[in-house]
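One structure below.
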Amino acid sequence: MNEPAPSISSLADLILEQTADAVIYSNRQGLIERWNPAAASMFGYSFAEACGQSLDLIIPEPLRAAHWRGFEAAMASGSTRLHGRPTLTRAERKAGEKIYVEMSFSLVIDQSGKAIGSVAIARDVTERVLREKAAAAR
């Protein structure tokens, strides 16, 4: 027998929870509201530790000013500079370790067309970047 399909909201939650890449949603103020298990694994903070915290939690201090300029501009304009294309950047784990991450950013837009937050999809690419740097140095 076929089981009933999950509701849209429960299906979305299942997808979010089981996605292999880190998924982070922050509201217009840059406070974390969604943090999937892959984000917890990558950055070392549980959902309870990350929820309600500023995105500064994972942004290395030297990158924060540029991040917030871009974030605020995107919230005001309703579009991102990269238009969803992934970018290589640095992030920081709970233990203070800096890692390379490939991230894509999207705005979350409500029914009225207003940006209500931002979602980032992140993948740890530290090993790949270090291999490429080592190969280039030879």
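The values are calculated or read from the model by the stated rules, or taken from the named source; none is laboratory data. Here the structure is a predicted model, which is why all the values come from computation and not from measurement. Cβ placement follows ideal geometry from the backbone for every residue including glycine, while neighbour counts extend to all protein chains displayed. Keep in mind that these areas ignore ligands, DNA and RNA; they rest on the heavy atoms of the full protein, side chains included. Shrake-Rupley method; radii C 1.70, N 1.55, O 1.52, S 1.80 Å.
Got at least one residue in the stretch 60-83 being in a strand (DSSP E or B) and either out of contact with any Phe, Trp or Tyr (no Cβ under 7 Å at 6 or more places or on another chain) or of a type in the set (S, T, N, Q) (or both)?
No, the conditions are met nowhere in the stretch 60-83.
Looking at Ala39, Ala48, which one is hydrophobic (A, V, I, L, M, F, W, C), farther than 17 Å from Ala120 by Cα and modelled with pLDDT of 95 or more?
On the way: Ala39 fails: farther than 17 Å from Ala120 by Cα.
So the residue among Ala39, Ala48 that is hydrophobic (A, V, I, L, M, F, W, C), farther than 17 Å from Ala120 by Cα and modelled with pLDDT of 95 or more is Ala48.
Keeping to the stretch 60-71, report how many residues are loosely packed, with under 11 Cβ neighbours inside 10 Å and of a type in the set (Lys, Arg). Spell out how you get there, then give the answer.
Taking the stretch 60-71 and keeping what is loosely packed, with under 11 Cβ neighbours inside 10 Å, we get 61-62, 65, 69.
Restricting the remaining residues to those that are of a type in the set (Lys, Arg) gives 69.
Residues flagged as loosely packed, with under 11 Cβ neighbours inside 10 Å and of a type in the set (Lys, Arg) within the stretch 60-71 amount to 1.
Return only the number of the condition from (1) buried (at least 16 other Cβ atoms within 10 Å of the Cβ); (2) at positive phi that Ser26 does not satisfy.
The failed condition is (2).
What are the residues in the stretch 120-129 that are in a strand (DSSP E or B) and open to solvent by 40 Å² or more (accessible area, probe 1.4 Å), if any? Working first, answer last.
Step one: filter the stretch 120-129 for residues in a strand (DSSP E or B), giving 120-124.
Residues satisfying the conditions are Ile121, Arg123, Asp124.
Could you grab me the full set of residues in the stretch 29-59 that are open to solvent by less than 20 Å² (accessible area, probe 1.4 Å) and in contact (Cβ under 8 Å) with a residue 40 or more places away in the chain?
The answer is Gly30, Ala39, Phe43.
Does Leu11 satisfy being without any contact (Cβ under 8 Å) to a residue 40 or more places away in the chain and surrounded by 12 or more Cβ atoms within 10 Å (Cβ to Cβ)?
On the way: without any contact (Cβ under 8 Å) to a residue 40 or more places away in the chain: yes; surrounded by 12 or more Cβ atoms within 10 Å (Cβ to Cβ): no.
No: the conditions fail for Leu11.
This table checks each residue for (1) of a type in the set (Asp, Glu); (2) touching a helix residue (DSSP H, G or I) at 6+ places or on another chain (Cβ under 8 Å); (3) more than 18 Å from Ser26 (Cα to Cα); (4) open to solvent by 90 Å² or more (accessible area, probe 1.4 Å).
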| site | (1), (2), (3), (4) |
| --- | --- |
| Ala73 | no, no, no, no |
| Ser77 | no, no, no, no |
| Thr80 | no, yes, no, no |
| Arg93 | no, yes, no, no |
| Gly96 | no, no, yes, no |
| Val108 | no, no, no, no |
| Ser118 | no, yes, no, no |
| Arg131 | no, no, yes, yes |
| Ala134 | no, no, yes, no |
